[in-house]
Each structure stands twice: as structure tokens, then as C-alpha cells.
Amino acid sequence: MKKWIFIVFCFILGFIIHIFYIGYTNELLFNKFIKNSNPDYTITDIYFKKGFLTSKGSFTLNHSHTQLSTKINLKFNNYFLLNKIIKGNFTNPFDFLDKVLKNNKLGTFTLKLHDNNSKIFLNIKDINLSNEGGDTIINGGYIEALMNKNLEIKNIKIHFD
């Protein structure tokens, strides 16, 4: 009986250590996201809150020449039982789309680990601009990108209906 209690205790302790370690690596990944070396973009309003099973982060990405900005919200899973490590959404940087999009959200994305690489799936919401005097309708699209461990894109697929 003592063996079983010890085994269960070790399993629970290992699970808790695993969650804290993944939370730490998610924080390092968030810091890698916000590390900016491009002079055309600035990152402001940086927020990260580490939790037990999930952590949350957000930042605003500003383009210096066009004065466009988008807010990016991230939700990190601190355990690998789920295959989706990061889920998030990003807001609309264009003023003329404010009436068309619900909650000002332009799209959502998920990041999954795949071998020694990571895959990001970006889903863009439907956009209907026919009330603006044109006939432009974009029926949702997606972008799938394969990145290496340094977050450099190795392969990208873009699809729009």
C-alpha cells in the first residue's frame, strides 16, 4: 500500500514540476516573441501573466511608417497533454474594417509543436466590403507556416477562398 501511495505522490509531483517548467519555457518564448530587431516595428503595451495551467500574454505591434497597430493576445498552455501550445487572436489595424468585423478581431491563430519545429495556423475572418461601394468579399482564409526553433519561417502556405 505504501508503494502505491509513493508512486501516486511521485506522479503528482512530477506533473507539477512539469507544469512549472513548461510555464517557464513559455515565458522565455514570449520574451523571444517581443524581442524586436526590425526598425520598422515597435512593440508596446507588453503584458505577461504566468498561471498554473495557462499563462496569458499580450502586446501591441506598431508599424512606424503607416501608423497601423494591431493588438495580439496569447494564451499559453503550460502542459503538453494538449497539442496546441499557444492560441491567440489579433485585432484589426484598418479603420475601414471596424464596421465589418465583430469585436474588432481580424483573425485567430494556434501554434503547435511538430518534431523540432513549430507550426502556426492563422485563420482570417470573413470580410465583406460590398457595402463600401465595391464587390470585395473575402471568405475566410488561412495561412500555415512551418518555423524552426529560432522562429524563422522555413515554409509557408497561403489559401483564400
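The values are calculated or read from the model by the stated rules, or taken from the named source; none is laboratory data. Predicted model only: the values in this text are computed from it and were never measured. Don't worry about glycine lacking a Cβ; one is built from the backbone with ideal geometry, like all the others, and counts go over all protein chains shown.
Checking the conditions here, which among LEU151, LEU61 is modelled with pLDDT of 70 or more, assigned to a loop (DSSP other than H, G, I, E, B) and under 24 Å from LEU28 (Cα atoms)? Give the steps one after another, and end with the answer.
Working: LEU61 fails: assigned to a loop (DSSP other than H, G, I, E, B).
On inspection, the qualifying residue turns out to be LEU151.
Name the residues in region 77-128 that are in a strand (DSSP E or B), of a type in the set (Phe, Trp, Tyr) and either at pLDDT below 75 or under 16 Å from MET147 (Cβ atoms) (or both), would you?
Within region 77-128, the first condition is being in a strand (DSSP E or B), and the residues that meet it are 77, 84-91, 105-114, 117-124, 127-128.
Of the ones still in play, those that are also of a type in the set (Phe, Trp, Tyr) are 90, 109, 121.
Those that are in a strand (DSSP E or B), of a type in the set (Phe, Trp, Tyr) and either at pLDDT below 75 or under 16 Å from MET147 (Cβ atoms) (or both): PHE109, PHE121.
With (1) under 22 Å from LEU122 (Cβ atoms); (2) surrounded by fewer than 17 Cβ atoms within 10 Å (Cβ to Cβ); (3) out of contact with any helix residue (DSSP H, G or I) (no Cβ under 6 Å at 6 or more places or on another chain) as the list, and GLN67 as the residue in question, which single condition is left unmet?
(1)
Checking THR66 against (1) among the polar types (S, T, N, Q); (2) assigned to a strand (DSSP E or B); (3) at pLDDT below 85, which single condition isn't satisfied?
Evaluating THR66 over (1) among the polar types (S, T, N, Q); (2) assigned to a strand (DSSP E or B); (3) at pLDDT below 85 leaves (2) as the failure.
Which residues, counting only those in region 129-148, are at pLDDT below 75, at negative phi and exposed (fewer than 13 other Cβ atoms within 10 Å of the Cβ)?
First, the residues of region 129-148 that are at pLDDT below 75: 129-140.
So of that shortlist, the ones also at negative phi come out as 129-132, 134-139.
The answer is SER130, ASN131, GLU132, GLY134, ASP135, THR136, ILE137, ASN139.
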